[in-house]
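My questions will all concern the structure given below.
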Amino acid sequence: MKALPIAEFEMPDRYHKDLLHLMAVDAHTLYVYWEISDRRRWLISQHFECDYGTMPKVLRVYDVTCILFNGSNAHTYQDVTTTPEAHNWYLHNLKADRTYLVDIGTYSWEHEFIPLLRSNSVATPKDAVALWGDPIQHVVTEANSNHVYNRITPHFFENIQAYSPTMR
């Protein structure tokens, strides 16, 4: 069997897909990488009537902790301008124990943000050390109490399973 040259196993520079992926590095840093397809680049350049390479590339970082994000209801957001040739970026100085997501986009002539792709959401970890014996996650106080108001106790028949593995 003839061995193939190593050059045939090189990874491609691009996969020609629209992709924006966000990952947590630590409690205050996120890493994002992206690829914008040739078709989307062409559509943007046709819409703005300029070369895609000359347009500003902007990452908009949204804090979406404990909300159902609809595109405009984030707690806060910040814009990070990247270099034109960048395909990945580290986002520093973020808050711990928060949930973030990122849009990559550009600015219109009126400096309005135009999103192109949206990432997954990522929760940054806590930056405090848990004390020995303390729960890492918060526990609902009612779960620890012996007497809970308005709890309905199940009857005996509600605890019997109807399924039987034996053959009839």
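The values are calculated or read from the model by the stated rules, or taken from the named source; none is laboratory data. Quick caveat, the model's predicted, so the values are computed rather than measured. FYI the Cβ positions are ideal-geometry reconstructions off the backbone, even for glycines, and counts take in every protein chain you see. These area figures cover heavy atoms from the full protein model, side chains too; ligands, DNA and RNA do not enter into them. Shrake-Rupley method; radii C 1.70, N 1.55, O 1.52, S 1.80 Å.
When Lys and Arg each count +1 and Asp and Glu each count -1, what net charge do the other residues less than 11 Å away from Glu35, Cβ to Cβ, add up to? Provide the component values of the computation, followed by the final result.
Values: positive: Arg14, Lys17, Arg40, Arg41; negative: Asp13, Asp18, Asp38.
The answer is +1.
³J(HN,Hα) across region 78-85 via Karplus (A = 6.51, B = -1.76, C = 1.60, θ = phi - 60°), whole Hz, x for Gly/Pro?
Here the 3J(HN,Hα) series is 9, 9, 10, 8, 9, 7, x, 8 Hz.
Now, a different point. Below 9 angstrom from the Cβ of Phe113, what's the summed charge of the other residues (Lys, Arg +1; Asp, Glu -1)?
Numbers: positive: Arg60; negative: Asp79, Asp103, Glu112.
With Lys, Arg at +1 and Asp, Glu at -1, the neighbours total -2.
Right, here's the next one. So who's got an amide H within less than 5 Å of the one on Ser37, skipping anything under 5 residues away but keeping other chains? H placed 1.01 Å off N, in plane.
Asp18, Leu19
I've got another one for you. Please give the solvent-accessible surface of Glu35 in Å², to the nearest 10, using a probe radius of 1.4 Å with every protein chain present.
Estimated to the nearest 10 Å², Glu35 gives 20 Å².
If I take every Cα pair under 8 Å that is 6 or more residues apart in region 19-128, average their sequence separation and divide by the length, what percent do I get for the relative contact order?
Result for region 19-128 is 35 percent.
Given H placed 1.01 Å from N in the peptide plane, which residues other than close sequence neighbours of Arg98 have an amide H under 5 Å from its amide H?
Placed amide hydrogens put Thr124 under 5 Å from Arg98.
Where only protein heavy atoms count, and the probe is 1.4 Å, what is the accessible area per residue for region 19-128 in Å²? Could you put the intermediate results ahead of the total?
Details: 6360 Å² over 110 residues.
Dividing the accessible area of region 19-128 by its residue count gives 58 Å².
Once phi is turned into ³J(HN,Hα) by the Karplus curve 6.51 cos²θ - 1.76 cosθ + 1.60 with θ = phi - 60°, what whole-Hz value does each residue of region 92-105 show in order, with x for glycine and proline?
9, 6, 9, 8, 7, 6, 10, 10, 10, 9, 10, 10, 9, x
Moving to a separate point now. Expressed as a whole percentage, what fraction of the accessible surface of region 19-128 belongs to carbon and sulfur atoms when a 1.4 Å probe is rolled over the protein heavy atoms?
Details: 3320 of 6360 Å².
For region 19-128, the apolar C and S fraction of the accessible surface comes to 52 percent.
Once phi is turned into ³J(HN,Hα) by the Karplus curve 6.51 cos²θ - 1.76 cosθ + 1.60 with θ = phi - 60°, what whole-Hz value does each residue of region 23-35 show in order, with x for glycine and proline?
Those phi angles translate into 9, 7, 9, 8, 5, 10, 9, 10, 10, 10, 10, 8, 8 Hz.
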